[in-house]
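Inspection log for the structure reproduced underneath, given as structure tokens.
What follows draws every value from the coordinates through simple rules; no lab data is involved. Note that the coordinates shown come from a computational prediction; the quantities given were computed from them, not determined experimentally. Here Cβ is always computed from backbone atoms with ideal geometry, including for glycine, and neighbour counts include all displayed protein chains.
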Amino acid sequence: MKVVWSDLFTKTFFSPPSLVEAWTSRMEEFKRRASKYFQFEEPLEASLEDFKLVHCEELVEEVRKLNDVGGVLDYGDTYIYPGSLEVLLADLGGVYRAYEIAKHQGFGYTPYGGLHHAHRCSAAGFCPLNDLAVLIEKLTKEGKRIAYLDFDVHHGDGTQEIFYERDDVLTLSLHMYHPGFYPGTGHYSELGRGRGLGYSLNVPLPPGTGDEAYQLALKIIVKRAIESFEPDVIVTQMGVDGHKDDPLGGALNLSTNTFKAIGELLASFNVPVVGAGGGGYGRRSVKAMLAELSGAFGIGELWEEVREEKTESNPEAISRVMYVKKFFEDQLDWF
Ligand SMILES: [Zn+2]
């Protein structure tokens with residue numbers, strides 16, 4: 001079984017300096033542990049021009065300029081370090097390679113990227129440019145219907161905005177939604193616009209959601225949406241920052257059981273699935289990444305390595321999931 005890897009993934013990230021070390025050690029730890037189970041494939045070639053498929057020219061040029069000197073994009077939480085452009089291109093090339101792998105083995109995975117907060121004309125939330133949106137746009141140009149699933153603890157706001165008026169791209173994000181929690185969007189009433197009305201879905205979850213409620217959402221919302229939408233390809237942001245040990249998203253209180261369930265669900269659809277790493281800001285995030293891969297590839301030995309106790313769900317989370325499912329049933333004729 002193959003997954004994507006490049007040593008450039010351990011070089012840097014696009015967060016403030018205080019988080020870069022946690023990120024790069026997560027990548028090193030992933031390399032060390034995943035190499036026991038997987039063959040690594042290098043990213044394909046990618047160019048900065050590719051990002052113009054979904055981004056304003058000004059934003060792409062700003063990234064190009066900052067690559068020489070380093071600097072901060074937009075609101076001040078998205079950094080370009082001198083020379084980090086090559087990492088961004090390895091990231092995009094990794095997404096391309098993951099799609100090639102997915103065509104052969106069903107599920108293709110790259111541990112970096114999933115830069116879902118990058119909007120069409122603005123960077124945000126450690127995301128200079130939106131790698132998965134570029135792949136999605138390319139695939140729709142081939143006439144494919146794409147389902148984008150976002151499991152990161154933060155709302156996939158940039159990807160949602162880019163495809164908000166499209167009916168050939170379904171975006172579906174599960175995330176923590178709570179006053180003060182980044183980015184503050186992703187209410188279930190955000191359903192798309194124009195031709196795209198009904199093709200942006202959001203499942204906003206409260207702190208303390210836990211395994212049971214999250215997995216209920218996987219079953220009665222995510223699985224059902226995919227089966228009804230009938231995509232040709234699934235593109236997914238597999239962020240693990242909802243894991244209970246994560247410094248940014250731990251309040252969602254998920255254990256590795258949920259990340260294994262995400263992997264199993266993704267492998268159950270009969271179409272190519274492309275997964276990118278997404279958020280996760282500690283070395284312990286790697287357990288959740290490996291749980292996803294153990295689920296997707298059915299590797300029992302790997303699951304034994306990362307298995308944790310299930311976490312409890314608060315009643316509010318269960319009723320929120322039921323409510324959102326009912327809301328979609330009432331609002332969407334295709335769901
Ligand atoms: Zn995140």
* To do: Could you point to the residue in Tyr109, Gly279, Leu248 farthest towards the positive end of region 2-331's charge dipole, with +1 and -1 charges on the Cβ of Lys/Arg and Asp/Glu respectively?
  => Tyr109
* Given R₀ = 22 Å, FRET efficiency for Lys326-Val271 by Cβ-Cβ distance, to 0.05? -> 0.20
* To do: Please name whichever of Tyr37, Val222, His155 sits farthest to the positive end of the charge dipole of the chain, dipole taken about the Cα centre and charges placed at Cβ: Lys and Arg +1, Asp and Glu -1.
  => Tyr37
* **Reference-scaled alpha-carbon Rg (2.2 N^0.38 Å with N residues) for the chain** => 0.90
* Structure fact -> Length gained if Ser189 through Glu305 is fully extended, taking 0.36 nm per residue and subtracting the Cα-Cα distance, is 37.8 nm
* To do: Would you be so kind as to identify which of Leu266, Leu139, Val235 lies farthest towards the positive end of the dipole of the chain, taking Lys and Arg as +1 and Asp and Glu as -1 on Cβ and the Cα centre as origin?
  => Leu266
* Structure fact -> In debye to the nearest 20, the charge dipole size for region 208-291, taken about the Cα centre with +1 at each Lys and Arg Cβ and -1 at each Asp and Glu Cβ, equals 240 debye
* Asked: Extension gain Glu86-Cys121, at 0.36 nm per residue separation less the Cα-Cα distance, in nm?
  -> 10.5 nm
* Asked: How do Asp77, Asp68 rank when sorted from fewest to most other Cβ atoms within 10 Å of their own Cβ?
  -> Asp68, Asp77
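By counting other Cβ atoms within 10 Å of each Cβ, how are Phe335, Phe126 ranked from fewest to most?
In order of increasing Cβ crowding within 10 Å: Phe335, Phe126.
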* To do: Beyond 26 Å between alpha-carbons counts as too far, so tell me which of Lys138/Lys325; Lys31/Lys141; Lys223/Lys287; Lys31/Lys260; Lys2/Lys138 fall in that bin.
  => Lys138/Lys325; Lys31/Lys141
* Asked: Given a Förster distance of 35 angstrom, what is the FRET efficiency for Glu227 paired with Glu49, based on the Cβ-Cβ distance and rounded to 0.05?
  -> 0.45
* Under 20 Å from the Tyr37 label point (7 Å along Cα→beta-carbon), backbone N, region 216-236 -> 236
* Please get the size of the charge dipole for the chain, origin at its Cα centre, with Cβ charges of +1 on Lys and Arg and -1 on Asp and Glu, quoted in debye to the nearest 20. => 560 debye
* Count the DSSP beta bridges whose two residues both fall in region 2-331, then state the antiparallel fraction as a percent rounded to the nearest 5. => 10 percent
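Roughly how big is region 40-136's charge dipole about its Cα centre, with Cβ charges of +1 (Lys, Arg) and -1 (Asp, Glu), in debye to the nearest 20? Walk me through the numbers before you get to the answer.
Numbers: 6 positive and 16 negative charges, 49 e Å.
With Lys and Arg at +1 and Asp and Glu at -1, about 240 debye.
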* To do: Can you figure out the FRET efficiency of Ala251 with Glu58, using R₀ = 30 Å and their beta-carbon distance, to the nearest 0.05?
  => 0.25
